[in-house]
Amino acid sequence: MDSLNDPYELSEGVPSVAAFRRLRTDAGLSDKDPKAVALALPNTWHGVVLRHEGEPIGMGRIIGDGVTAFQIVDICVHPAHQGRGLGRRIMAALTEELERRAPATAYVSLIADGPARVVYEKFGFADTATHDSIGMYRVMGA
């Protein structure tokens, strides 16, 4: 789509706490405590927000130590705008920034929910099990 007819604007940064929570829940992700979100968002290494008619409808963030370890998180697009390659656009912006600023020895991880793995594979991500690793998690308080 040429930029003159593109109704979507991708910019660097993070959404407001309210928009972050709304985007996550609208996309079927878990909600987060507003106080926790307010502390987390400023610690984003790199983030992008996708807007339609000025309203945030998608986002993605990279968190980490800025040198050895990074994690791509909070990738989501509002359901009304899904199926238009917008998740790919968010991932492209994030991976371009990693390629530009992250050291070659950095480890970048993410958790792929369901069919999203196909999108992530197009950006060079592979199943950790094929590298004799297994992804693990723990939810604090659970």
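The values are calculated or read from the model by the stated rules, or taken from the named source; none is laboratory data. Quick caveat, the model's predicted, so the values are computed rather than measured. FYI the Cβ positions are ideal-geometry reconstructions off the backbone, even for glycines, and counts take in every protein chain you see. Just the protein is used for accessible areas: all its heavy atoms, side chains included, with ligands, DNA and RNA removed. Shrake-Rupley method; radii C 1.70, N 1.55, O 1.52, S 1.80 Å.
Worth pointing out:
- Strands (runs of 3 or more DSSP E) enclosed by the stretch 24-92 - at least 2 residues per element that are of a type in the set (Lys, Arg), free of Cβ contacts under 8 Å to residues at least 24 places away in the same chain and closer than 21 Å to SER109 by Cα: none
- Residue in the stretch 97-105 that is without any contact (Cβ under 8 Å) to a residue 12 or more places away in the chain, assigned to a helix (DSSP H, G or I) and either of a type outside the set (Ser, Thr, Tyr) or open to solvent by 40 Å² or more (accessible area, probe 1.4 Å) (or both) present: yes
- Scope the stretch 111-127; condition modelled with pLDDT of 85 or more and either of a type in the set (Ser, Thr, Tyr) or touching a helix residue (DSSP H, G or I) at 6+ places or on another chain (Cβ under 6 Å) (or both); matching residues: VAL119, TYR120, PHE123
- Verdict on VAL108 being of a type in the set (A, V, I, L, M, F, W, C), open to solvent by 40 Å² or more (accessible area, probe 1.4 Å) and modelled with pLDDT under 95: no
- Near pairs, Cβ below 6 angstrom, 6+ apart or cross-chain, from the stretch 113-142 (closer than 18 Å to VAL77 by Cα) to any residue that is among the hydroxyl-bearing types (Ser, Thr, Tyr) and open to solvent by less than 90 Å² (accessible area, probe 1.4 Å): PHE123/THR95
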